[in-house]
Amino acid sequence: MNRFKVQGSRFKVLATSVLAFLLFAVPASAQGRFTNARTETRAAGQGSDAIAREVRAVAARGGVSWIAYRVPMNVSPSGGARHMCCWDNVINSRDLGGCCGVCRLENGGGVTMTSQLQSRDGSRIVLEPPTDFLVLARVENDAVTRLRTFTPDCDVDAGNMPIVWLTDVRADDSVAWLSDLIKGVGVDKDKTSRVADPALTALSLQTAPGALTALIRFAKDAESTRLRGQALFWLAQRAGEQAAATITDAIANDPDTEVKKKAVFALSQMPKDEGVPKLIEVARNNRNPAVRKQAYFWLGQTNDPRATAFFEEILTKK
């Protein structure tokens, strides 16, 4: 009898594990894993102002709402999976596999990217890597006051807020809308951190060719030095010849030393075969001592034999 009870308990545990496996193996729905949300769905139109039209329509109702849509996501530079979730409620990320608690849409802050999404107790592991990501915009007083990005496998508590989901959003229309948001913040620090910075992140994740063009434009021409630096950072994540050329051009020609230093850091984020030779060139030839110092520092973090050989050459030069 006791033996039967033990076996029965084992069966219940196994059945629960199998059920959890099946639940989390199912691809995330188009609207992600949201709880405590008052949702409605609207079909987005077409055109570069399609999303802006929907934002204006929702804003006209008054109050506060979130508008959300889903677009394809590019592959990470390493070729691995990319998950975006929160560090909300996570006390020690090392104990929790680096991610993730439940994101609080209204009051939470920050998004972390990881190659593996895992629940706090380690019981939930997402098997299929996401191929899309979600863009959510908080609309209040006829304006977008905050932007957030998640992958659909992230658990988000909406705090009983209304969420209007836009369907059939075209990637090019998303690029146009995000670009207009970034242009509209000017040099306002609060709007930059709450709207423009995450909008740049969203641009860097999009597959549309226009997203890369927009990042390059902001890296060269953004009014804010912070935005130019952020655009350079995300360009480094995209790599490629166009990105490298824009980054090295910023080091040579941007009028602000802080932007030059961020461009040097961006080089350090590129694949080593692209970044290390360019860092060595900057360390060897740039006329700005602060920029050369940055190049030395980031070369020291690469653990690359070419960097070691360069330091040996400099230190033993007579």
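Residue-wise test of (1) touching a strand residue (DSSP E or B) at 6+ places or on another chain (Cβ under 8 Å); (2) in contact (Cβ under 8 Å) with a residue 60 or more places away in the chain.
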site: Gly159; (1), (2): yes, yes
site: Asp180; (1), (2): no, yes
site: Glu223; (1), (2): no, no
site: Ala231; (1), (2): no, no
site: Ile247; (1), (2): no, no
site: Leu267; (1), (2): no, no
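Can you tell me which residue in the stretch 246-263 is surrounded by the most Cβ atoms within 10 Å (Cβ to Cβ), limited to those that are aliphatic (A, V, I, L, M) and under 25 Å from the mean Cα position of the chain (by Cα)? Break it down into steps so the answer makes sense when it comes.
Initial filter on the stretch 246-263 (aliphatic (A, V, I, L, M)): 247, 250-252, 259, 263.
This time we only want the ones that are under 25 Å from the mean Cα position of the chain (by Cα), so: 247, 250-251, 259, 263.
Details: Ile247: 29, Ala250: 23, Ile251: 24, Val259: 23, Ala263: 27.
Looking at the filtered set, the residue picked out is Ile247.
Which count do you get for residues in the stretch 276-311 that are part of a helix (DSSP H, G or I) and modelled with pLDDT under 90?
0
Regarding Arg194, is this residue in contact (Cβ under 8 Å) with a residue 40 or more places away in the chain, more than 23 Å from Gln46 (Cα to Cα) and outside any strand (DSSP E or B)?
Yes, satisfied.
Can you tell me which of (1) closer than 29 Å to Asp172 by Cα; (2) in a helix (DSSP H, G or I) is the one Glu223 doesn't meet?
Tallying (1) closer than 29 Å to Asp172 by Cα; (2) in a helix (DSSP H, G or I), Glu223 fails exactly one: (2).
Please determine, by comparing only the residues of the stretch 44-71 that are charged (D, E, K, R) and in a loop (DSSP other than H, G, I, E, B), which one is nearest to Glu140 (Cα to Cα). Even if it seems obvious, please write down each step before you answer.
Narrowing the stretch 44-71 to residues charged (D, E, K, R): 49, 53-54, 56, 61, 70.
Pick out the ones that are also in a loop (DSSP other than H, G, I, E, B) and you get 49, 61.
Working: Asp49: 19, Arg61: 10 Å.
Among residues in the stretch 44-71 that are charged (D, E, K, R) and in a loop (DSSP other than H, G, I, E, B), the one nearest to Glu140 (Cα to Cα) is Arg61.
Identify the residue in the stretch 171-200 that is under 17 Å from the mean Cα position of the chain (by Cα) and more than 18 Å from Ile51 (Cα to Cα) and, among all such residues, is surrounded by the fewest Cβ atoms within 10 Å (Cβ to Cβ).
Ser193
When you check Thr213 against the structure, is it within 25 Å of Lys278 (Cβ to Cβ), out of contact with any Leu (no Cβ under 9 Å at 6 or more places or on another chain) and free of Cβ contacts under 8 Å to residues at least 12 places away in the same chain, yes or no?
Considered against the rule, which asks whether it is within 25 Å of Lys278 (Cβ to Cβ), out of contact with any Leu (no Cβ under 9 Å at 6 or more places or on another chain) and free of Cβ contacts under 8 Å to residues at least 12 places away in the same chain, Thr213 comes out as yes.
Residues to consider are Thr201, Thr246; find the one that is part of a helix (DSSP H, G or I), over 20 Å from Arg82 (Cα atoms) and among the hydroxyl-bearing types (Ser, Thr, Tyr). Can you show your working first?
Details: Thr201 fails: over 20 Å from Arg82 (Cα atoms).
Answer to the selection: Thr246.
Of the numbered conditions (1) closer than 25 Å to Pro209 by Cβ; (2) surrounded by 15 or more Cβ atoms within 10 Å (Cβ to Cβ); (3) within 22 Å of the chain's Cα centre (by Cα), Gln242 fails exactly one; give the number of that condition.
Among (1) closer than 25 Å to Pro209 by Cβ; (2) surrounded by 15 or more Cβ atoms within 10 Å (Cβ to Cβ); (3) within 22 Å of the chain's Cα centre (by Cα), Gln242 violates only (2).
The values are calculated or read from the model by the stated rules, or taken from the named source; none is laboratory data. Just so it is clear, the structure is predicted and the values come from calculations on it, not from any experiment. Positions of Cβ are backbone-derived with ideal geometry, glycine not excepted, and every protein chain shown enters the neighbour counts.
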